[in-house]
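Notes follow once the structure below has been shown.
The values are calculated or read from the model by the stated rules, or taken from the named source; none is laboratory data. No experiment lies behind these values; they were computed from the predicted model shown. Cβ coordinates were reconstructed from backbone atoms using ideal geometry, including for glycine residues, and neighbour counts include every protein chain displayed.
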């Protein structure tokens with residue numbers, strides 16, 4: 001399809017607009033409820049004498065909470081995404097990937113426009129289930145957010161967009177927009193300047209003479225009418241500038257060997273400007289054979305909510321939270337309005353059988369405590385008045401709240417389910433786990449879809465001449481990234497950075513607490529990161545977390561530095577002597593990490609067949625680590641971390657045993673073939689096996705010794721306490737006897753003195 005005829009393009013667009021009308025009306029109803037419109041129309045309120053007609057905004061608060069959870073999940077992480085390279089020297093890939101990740105996210109985080117794009121995209125996803133963004137400009141990395149109603153796609157289009165061959169973006173241009181795009185040094189030759197100038201003259205005439213209200217066609221755009229009503233409180237626009245409404249049309253050209261997307265712009269024929277200017281048979285913009293990309297993601301990206309039921313999932317079958325909550329929120333608002341009217345009615349004073357002549361007298365009655373009702377007036381007692389069944393009403397409202405909570409469970413967990421019972425700790429934990437599962441599933445889908453958007457943004461940062469993109473590439477190259485990386489964007493692995501707790505504060509704090517419990521078992525760098533996440537989760541202040549627990553440029557501890565230096569000596573088969581005051585936990589953790597990395601390289605790069613010298617060196621490292629574990633195990637409080645270290649030593653020893661066995665088999669095969677190889681003789685193999693057995697034995701002995709020392713310390717402590725207690729009792733008894741003897745002597749002396757007198 002080439003779509004060279006403007007009238008045919010408009011016919012296709014017009015057909016999509018016609019098909020969109022019932023969908024647009026449904027979305028407008030949903031927008032009205034969550035915008036806060038009252039549940040009864042003016043006619044309904046007047047005909048049914050309804051005094052209270054307000055929207056209590058329960059649904060609006062749920063939508064806001066759900067949108068906030070999305071926003072937290074994507075905006076709160078330090079980076080939008082991380083880049084891992086599958087191109088370039090192996091020893092440089094990780095470094096280059098970190099540099100690219102840092103600089104590209106720095107540019108994106110500084111863009112307030114992109115933050116607004118994400119917020120708008122997820123707001124549309126939460127409310128209607130479809131959140132589109134588009135790149136209409138070739139020279140900009142940042143997409144533009146689009147309303148769900150502005151993206152026109154054919155019916156039966158799959159959410160995968162694999163069968164999408166054409167679509168349109170409904171947009172509008174002010175006179176300033178047209179001037180900016182068609183005036184200046186580099187004007188796109190695709191613009192129809194005759195039509196542009198006529199439209200500019202038409203809009204200038206409207207602005208100068210009539211100040212025409214910028215109204216929308218109610219039939220085709222009920223959503224925009226609803227938003228204009230909300231924005232302007234029904235008074236549309238004496239200050240609204242005139243615009244020309246257009247359809248930015250894209251289609252997949254399959255006439256060549258390589259299918260590519262092309263672009264045309266036609267003026268909306270329902271627009272008033274189209275009647276004054278001949279726009280029916282010409283394009284406002286025609287890009288000709290210019291390619292706008294071979295992939296739909298070069299032009300548009302869409303977030304879809306998981307609101308489809310019948311597969312294969314279709315674009316126009318997607319629904320979201322607005323659809324799920326519309327009916328119950330509408331009914332809840334009606335019930336609350338009628339309930340409020342009933343409350344007011346119960347506060348009224350009602351009289352019966354008031355004669356016409358007594359009406360004036362009744363109005364002058366001053367009712368007060370202990371007062372008397374005049375003759376002729378009869379009070380209507382409470383027992384004779386209509387009373388609403390509040391039990392039934394409360395049950396209905398509770399049922400509605402429960403439905404709201406169940407419908408929004410995958411988006412937010414802050415909705416009252418209609419019950420007021422106090423939950424046990426087990427019930428609270430069950431709810432937390434259930435919420436984590438629901439939110440995790442929903443966000444996994446969102447993160448997966450967002451990856452395609454991030455890939456397109458990364459591609460544009462590598463290829464286009466936007467100032468942000470040029471600065472990004474210059475910064476990366478200054479820090480050592482090879483410029484050839486920009487031509488290999490296909491070899492980039494882009495992964496969105498996820499947030500703890502799936503954007504939910506309660507879950508975030510719970511997960512941070514769990515990580516803090518296992519922090520002592522992690523590597524030093526990982527421990528610093530856990531502390532950082534814990535501080536940020538409890539303060540919601542990233543700057544404070546960076547000051548209190550920085551993760552970038554974490555100072556290397558002396559123990560880690562010493563372990564790094566000791567590795568070369570140990571791998572050569574030599575011994576290492578350590579100072580007594582060194583932090584042996586950090587030292588052992590670093591050596592275990594390096595040991596695991598060394599074994600990993602052997603498995604990946606050498607096929608699990610190291611040299612004899614390397615095996616001897618690794619065995620010496622294991623033996624040295626075990627000596628340090630034995631010292632750590634002397635403290636009973638280190639029993640848990642000692643077990644973790646012993647497990648690591650055991651796994652490494654199993655790998656060494658496998659290497660020894662394979663080298664022996666290789667040596668035997670070479671001997672049988674008469675080849676002179678680097679085989680391992682029996683003496684060397686026995687030496688390595690002895691070192692491994694010694695290391696494992698020391699591990700067991702260390703643990704046993706630690707337990708034995710603990711028991712010995714406990715027994716010695718108890719015996720010492722018993723000795724001290726016996727000594728204390730004996731001393732008390734001795735002092736008591738001496739005191740009693742002194743008292744008796746004093747008594748005898750006193751009696752003698754009395755007798756002498």
> Which ones in the stretch 233-264 are modelled with pLDDT of 95 or more and in a loop (DSSP other than H, G, I, E, B)?
Replying inline: none
> Which of the residues spanning the stretch 593-624 are in contact (Cβ under 8 Å) with a residue 60 or more places away in the chain and under 41 Å from the mean Cα position of the chain (by Cα)?
Replying inline: 593
> Can you tell me which residues in the stretch 108-123 are free of Cβ contacts under 8 Å to residues at least 40 places away in the same chain and more than 14 Å from residue 81 (Cβ to Cβ)?
Replying inline: 110, 112, 113, 116, 117, 120
> When only residues in the stretch 531-546 that are at pLDDT below 80 and assigned to a helix (DSSP H, G or I) count, which is nearest to the chain's Cα centre (by Cα)?
Replying inline: 542
> Which of the residues that make up the stretch 98-107 are touching a residue at least 24 places away in the same chain (Cβ under 8 Å) and in contact with a strand residue (DSSP E or B) (Cβ under 8 Å, 6 or more places away or on another chain)?
Replying inline: 100, 104, 105
> Which of the residues that make up the stretch 41-79 are outside any helix (DSSP H, G or I) and touching a residue at least 24 places away in the same chain (Cβ under 8 Å)?
Replying inline: 50, 51, 52, 53, 54, 55, 56, 76, 77, 78, 79
>> Within the stretch 163-185, does at least one residue satisfy the condition of being closer than 30 Å to residue 487 by Cβ and under 27 Å from the mean Cα position of the chain (by Cα)?
In response: no
> Can you name the residue in the stretch 11-40 that is over 38 Å from the mean Cα position of the chain (by Cα) and without any contact (Cβ under 8 Å) to a residue 12 or more places away in the chain and is also nearest to residue 324 (Cα to Cα) among such residues?
Replying inline: 15
>> Can you pull out every residue in the stretch 102-133 that is surrounded by fewer than 21 Cβ atoms within 10 Å (Cβ to Cβ), in a helix (DSSP H, G or I) and out of contact with any helix residue (DSSP H, G or I) (no Cβ under 7 Å at 6 or more places or on another chain)?
In response: 102, 105, 106, 109, 112, 113, 116, 117, 120
> Just checking, how many residues over the stretch 161-192 are under 15 Å from residue 316 (Cα atoms) and without any contact (Cβ under 8 Å) to a residue 60 or more places away in the chain?
Replying inline: 2
> Can you tell me which residues in the stretch 586-608 are surrounded by 14 or more Cβ atoms within 10 Å (Cβ to Cβ) and in a loop (DSSP other than H, G, I, E, B)?
Replying inline: none
> Quick one: is residue 521 touching a residue at least 24 places away in the same chain (Cβ under 8 Å), within 19 Å of residue 78 (Cα to Cα) and touching a helix residue (DSSP H, G or I) at 6+ places or on another chain (Cβ under 8 Å)?
Replying inline: no
